[in-house]
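Could you have a look at this structure, given as structure tokens, before my questions?
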Amino acid sequence: MPKAYVYIANGGPEVEAFVDLPAPEPGPDQLAIAVRAVGVNPVDWKLRGGSTRPGQPAPVFPVALGVEAAGVVTAVGPGVTGFAVGDEVLGGTVGGAYAEYTLLSVALATHKPAALSFRAAALPVAAATAYDGVHQLSLLPGATLLITGVGGGVGVAAAQLARHAGLTVVGTASAGKKDLVESLGVTWVEPGPGVVERVRAVAPQGVDAIYDLVGGAALEEIAGVLRAPVGGGDAVDEPPRLITAADSATVTRLGGVAVQRARSLAVLDVVTGRAAAGVLDPHVSDVYPLERADTALRAVETGHARGKVVIEVAV
Ligand SMILES: NC(=O)c1ccc[n+]([C@@H]2O[C@H](COP(=O)([O-])OP(=O)(O)OC[C@H]3O[C@@H](n4cnc5c(N)ncnc54)[C@H](OP(=O)(O)O)[C@@H]3O)[C@@H](O)[C@H]2O)c1
């Protein structure tokens, strides 16, 4: 029977296990796929720990970890058009991704461009979240955007999308990621005590907006480098100037907002297209076989991933 890496209850790493699960049958508007690659995201361990996603039913254990995958269609469900057995696809999974077989919802599935490998599995969550945030800020070319946690999965994508939009980007990341950050055309700033002064040294007028990917005390401290008050100007429909994907509670207290996730096929197609065109690279830094899914998840769960971590399933 096909293998899957699951959690058997809500909890820490101790509730994870490899199990044999039957290959799932596609329901209406679903694709069954043989998984070739999986993107690893912080949400994977957060869901294992008991977090919930809007609109998701309560878990029925065991639950396969992971929320995004790329692979080859093995069956199409009732009502599916535009996809056929043998198609190479990527998208958001239904019922977990760290598995030899899984399901995609056609509402969030797209054909994998030939120019991309199956590691494009790393795009649906991080790159789409990056796109949503940069789009939400609606900055004009020449504006300065500060991204905290710029060396992680969302950060490297947000930096590239922002640079492509003509923005000047300053980003915080640990010293080991300085080379990666600078290769994206981003001015690197070391986080930690004194970070506000270091940002001011490279952006003396302050920054026009902040996309936070860290939260907590780092978010509280960095909010002070905004050029204008968090709430922006007088216009009611003025875009936010402080957003986060990491910490809604803190950003709300500071007067900012959480990133508005589109979770749409349109955004998935935009980021996949940009990756195929060579203007968006998810920077997959670590690749593990499915048999080492635990190590892959720990690499992200430490909170210090470099770009994206991917799990590959051997054919
Ligand atoms: N709302 C949503 O739909 C959504 C979607 C995607 C992600 N998220 C959230 O957004 C956050 C980022 O996601 P991700 O996928 O980019 O995570 P990730 O790949 O794990 O990257 C996080 C990055 O933050 C850096 N970091 C940690 N502490 C830092 C600090 N104090 N200052 C500066 N950088 C720091 C880490 O490395 P170094 O410290 O080594 O530099 C790492 O590169 C997570 O909280 C995730 O759950 C939310």
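Please treat every number below as a calculation from the coordinates, not as lab data. All figures in this text were calculated on a predicted structure; none of them were measured in a lab. Methodologically, a virtual Cβ is constructed for each residue, glycine included, from the backbone with ideal geometry; neighbour enumeration extends over all protein chains shown.
Restricting attention to the stretch 171-185, report how many residues are under 19 Å from the mean Cα position of the chain (by Cα) and more than 10 Å from the ligand (Cβ to nearest atom).
Qualifying residue count, the stretch 171-185: 1.
Let me ask something additional. Within the stretch 34-45, does at least one residue satisfy the condition of being exposed (fewer than 14 other Cβ atoms within 10 Å of the Cβ) and over 24 Å from A262 (Cβ atoms)? Quick ask: steps written out before the conclusion?
Of the residues in the stretch 34-45, the ones exposed (fewer than 14 other Cβ atoms within 10 Å of the Cβ) are none.
No, the stretch 34-45 contains no residue that is exposed (fewer than 14 other Cβ atoms within 10 Å of the Cβ) and over 24 Å from A262 (Cβ atoms).
Can I ask one more? Within the stretch 121-148, take every residue that is in contact with a helix residue (DSSP H, G or I) (Cβ under 6 Å, 6 or more places away or on another chain) and aliphatic (A, V, I, L, M) and give me the one that is farthest from the ligand (Cβ to nearest atom).
That would be L145.
Inside the stretch 208-226, can you point out the residues that are without any contact (Cβ under 8 Å) to a residue 24 or more places away in the chain and more than 13 Å from the ligand (Cβ to nearest atom)? Break it down into steps so the answer makes sense when it comes.
Of all residues in the stretch 208-226, those without any contact (Cβ under 8 Å) to a residue 24 or more places away in the chain come to 217, 226.
Correct list: L226 only.
Then there is this: Step by step: first the residues of the stretch 163-187, then only those that are of a type in the set (S, T, Y) and either touching a Leu at 6+ places or on another chain (Cβ under 7 Å) or closer than 19 Å to A143 by Cα (or both), then the one that is surrounded by the most Cβ atoms within 10 Å (Cβ to Cβ). Which residue is that? It would help to see each step written out before you state the result.
We begin by selecting, within the stretch 163-187, every residue of a type in the set (S, T, Y); these are 168, 172, 174, 183, 187.
Then drop every residue that is not either touching a Leu at 6+ places or on another chain (Cβ under 7 Å) or closer than 19 Å to A143 by Cα (or both), which leaves 168, 172, 187.
Details: T168: 20, T172: 27, T187: 16.
Among those residues, the one meeting the criterion is T172.
Would you mention how many residues in the stretch 48-85 are hydrophobic (A, V, I, L, M, F, W, C) and without any contact (Cβ under 8 Å) to a residue 40 or more places away in the chain? Please lay out each step first, then the result.
Quick first cut of the stretch 48-85, residues hydrophobic (A, V, I, L, M, F, W, C) only: 58, 60-61, 63-65, 67, 69-70, 72-73, 75-76, 80, 83-85.
Applying the additional criterion that residues be without any contact (Cβ under 8 Å) to a residue 40 or more places away in the chain yields 58, 60, 72, 84-85.
The total comes to 5.
Determine which member of the set A34, A70, A17 is within 21 Å of T302 (Cα to Cα) and not in a loop (DSSP other than H, G, I, E, B).
Numbers: A34 fails: within 21 Å of T302 (Cα to Cα); A70 fails: within 21 Å of T302 (Cα to Cα).
Just one listed residue meets the conditions, A17.
For residues that are in contact with an Asp or Glu (Cβ under 9 Å, 6 or more places away or on another chain) and part of a loop (DSSP other than H, G, I, E, B), scanning just the stretch 97-112, find the one that is surrounded by the fewest Cβ atoms within 10 Å (Cβ to Cβ).
Top of the filtered list is K112.
Restricting to the stretch 266-292, give me the number of residues that are within 23 Å of L65 (Cα to Cα) and within 16 Å of the ligand (Cβ to nearest atom).
Qualifying residue count, the stretch 266-292: 8.
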